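J.: Structure provided below as structure tokens; questions to follow.
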Amino acid sequence: MSDRPRLLPLLGQSHAGLGQSHTGRSAMTCMYRCGNACDHPVPNESDNPYFGDVVQAEVSRRGVVRAGAVGALVLGFAGAGAASAAPALAAPGGNGAAPDVNAATARKGGAPKALTFSPIPPNRLDNFVVPNGYDHSVVLHWGDPVEPDAPAFNLNRQTAYAQSKQFGYNNDFVAVLPLDKKGDRALLVVNHEYTNENLMFPGFTTLDALTVEQLRVAIAAHGLSVVELERVGETGEWKPVTRGARKYNRRITALATRFDFTGPVAGSAYLKTAADPRGKVAIGTLNNCAGGVTPWGTILSGEENFNQYFVGGDGVPEADKPKLARYGISTTARYTSDSRKWDRADERFDLAKHPNEANRFGWIVELDPFDPEAKPRKHTAMGRFKHEGANVIVAKSGHVAAYMGDDERFDYLYKFVTDKKFKPGNSWQAREHNLTLLESGTLYVAKLDYTSASEIDGSGTLPSDGAFNGTGRWIPLVRGDRSYVPGMTAAEVLTFTRLAGDAVGATKMDRPEDVEPNPVNGKIYVALTNNTNRAPAATPRPTRPTRARPTGTGTSSKWPRTGATTRARPSPGRSRSSAATRPTRRPTSPATTRPRSRRSPARTTSPSTAPATCGSPRTATRWAPTTASSRRRSRARSGAT
């Protein structure tokens, strides 16, 4: 049997023991990526208002849905404007000088130009398809060396030790951070969200049949990788640096990497375990999904579907069960049908023995890729839920805001505003200060309402105030050690943030995922991926949804910036993609098709440092569904493309 992985098909198939696929997604992906979340009861059983109901009740009756469907929602949180900030990437131990991100990004000269290419027609080719005139290449495969002393990858003799030094599995967030002004050297930072054990291990039969060492390999394949890259001449390609010290290269794993807790929950009873009686240091990070690049050059990574890795929820104290259930952890059975049973490799995943271990996941992680000696941190001030990611923006006041989505059906949108102000500049002193920004601040949750329905007739004509409007507000949940939620302490609010959102009447959303600022106009876009219970207009939504399967429906939302002058700046590239397998060949044709891994690249975008708004604790919110014609008018007014 070959020690090299085989090239896998891309198209969704049914897999033995895994059932049928969920719409366009492989059933195997559903199982391993999120623990078949759509097949389990919806954790939010509150009677809070649902965003879909607000839209349906106030919009569809006016004909907007009939006229063009609700394709985008414009949301604007009124408040202070924001000033843009370029990333300050000061190297540790240096003289404080940072790489010039703008110069590195635009090294070919001039402003970025629009891409022009022939669109790829819909197809079911089992290949990676690129437009004519474009090419692609693989930068890293699963198992490639990251740390200089990493053993060579051996498919049939995998060990946790080797995987802890090798490139991890199933990429999600990807960031490229310049290391020089020419743009010829960079750091690649990648989230390794989840593992597919039945693809990783030759001869796989069942999860129960895996050896303890194989389980440890899978745990080590989760986390992040930091890898130094260099350009391949003038080809435009990147490749890993394979010589020299490679001092930045490191693996962050779920197996052994130590994380410091920061903020109000650090040291609280909710984080204390037998292995960490002080409640200050976590081991590992799980299910890291999207992320962001901060203006001070660090990486933010969201711990998302962490619930699927834990067992023994039926054995925790009765008082703790509602809190676990609210986060999707079964409290009626030791093992769910799709359990990975990691407790066989590490008993900390057994909640019957270590009931607080689950509380140590579900946070925003901050990693400093320019300081390989710095421990990554979990910021408790930003709340605990299924974080898709976090993207940081700087207001004119100097305070920093992070917008976040809880990627679960019928869960909430959040905003975090720092207590301290951002220090501009590339000095080491400024960066040291900015590294503390996310340790303290105010956490808010969104509550939305609809207002301008009486002026919407479905024709696309703007209401008298010039926009399809709704209102809402950011409800403060906690600041430091002060809770704004009756009956909950600050530590409770931050550890069980979903319950706090339930208590204050936050608006249920359709799986809010990534939150991204527009570098041209400063608007903030929220992707509402889908909701398995989000029915067509004619179908009433159940008040307390239980079980369902995905429908693939989704919504795009955007917050317009108000009162700020936007200055778009080039920034480090970012994309979300995946390369779980090791291609064994590369076609030579510069166009048409290319092989890729099972999980297709989702999209390519850039983390923005452009302006947006932080808002005040109770600022008004503006949002609205738009028809195609109104979106054209909006683009004409704003100059957006």
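The values are calculated or read from the model by the stated rules, or taken from the named source; none is laboratory data. This one's a predicted model, so the numbers in the text were calculated from it and none came from an experiment. Backbone-built Cβ (ideal geometry, glycine too); neighbour counts: all protein chains shown. Ligands, DNA and RNA are excluded from the accessible area calculation, which covers all protein heavy atoms including side chains. Shrake-Rupley method; radii C 1.70, N 1.55, O 1.52, S 1.80 Å.
J.: List the number of the failed condition for Leu477; all other conditions in (1) at pLDDT below 95; (2) touching a helix residue (DSSP H, G or I) at 6+ places or on another chain (Cβ under 6 Å) hold.
T.: Checking Leu477 against (1) at pLDDT below 95; (2) touching a helix residue (DSSP H, G or I) at 6+ places or on another chain (Cβ under 6 Å), the one that fails is (1).
J.: Tell me which residues, restricted to the stretch 135-186, are outside any loop (DSSP other than H, G, I, E, B), surrounded by fewer than 19 Cβ atoms within 10 Å (Cβ to Cβ) and not hydroxyl-bearing (Ser, Thr, Tyr).
T.: Ala162, Arg185
J.: OK, next. Counting only residues that are open to solvent by less than 10 Å² (accessible area, probe 1.4 Å) and outside any loop (DSSP other than H, G, I, E, B), how many does the stretch 361-381 have?
T.: Of the residues in that region, 8 qualify.
J.: If you don't mind, another one. From the list Asn191, Asn198, Asn132, Asn154, which one is in contact (Cβ under 8 Å) with a residue 24 or more places away in the chain, within 28 Å of Phe117 (Cα to Cα) and of a type in the set (S, T, N, Q)?
T.: The match here is Asn132.
J.: Could you tell me how many of the residues in the stretch 327-356 are in a helix (DSSP H, G or I) and either within 30 Å of Arg246 (Cα to Cα) or open to solvent by 10 Å² or more (accessible area, probe 1.4 Å) (or both)?
T.: Count: 4.
J.: Any chance the stretch 250-261 includes a residue that's closer than 23 Å to Asp407 by Cα, in a loop (DSSP other than H, G, I, E, B) and touching a helix residue (DSSP H, G or I) at 6+ places or on another chain (Cβ under 9 Å)?
T.: Yes, that holds for at least one residue.
J.: Going residue by residue through the stretch 402-412, is there one that turns out to be of a type in the set (Phe, Trp, Tyr), modelled with pLDDT under 95, closer than 30 Å to Pro463 by Cα and open to solvent by 10 Å² or more (accessible area, probe 1.4 Å)?
T.: No, the stretch 402-412 has no match at all.
J.: Now for a different question. If you go through the stretch 413-443 one residue at a time, how many are over 16 Å from the mean Cα position of the chain (by Cα) and open to solvent by less than 10 Å² (accessible area, probe 1.4 Å)?
T.: Qualifying residue count, the stretch 413-443: 8.
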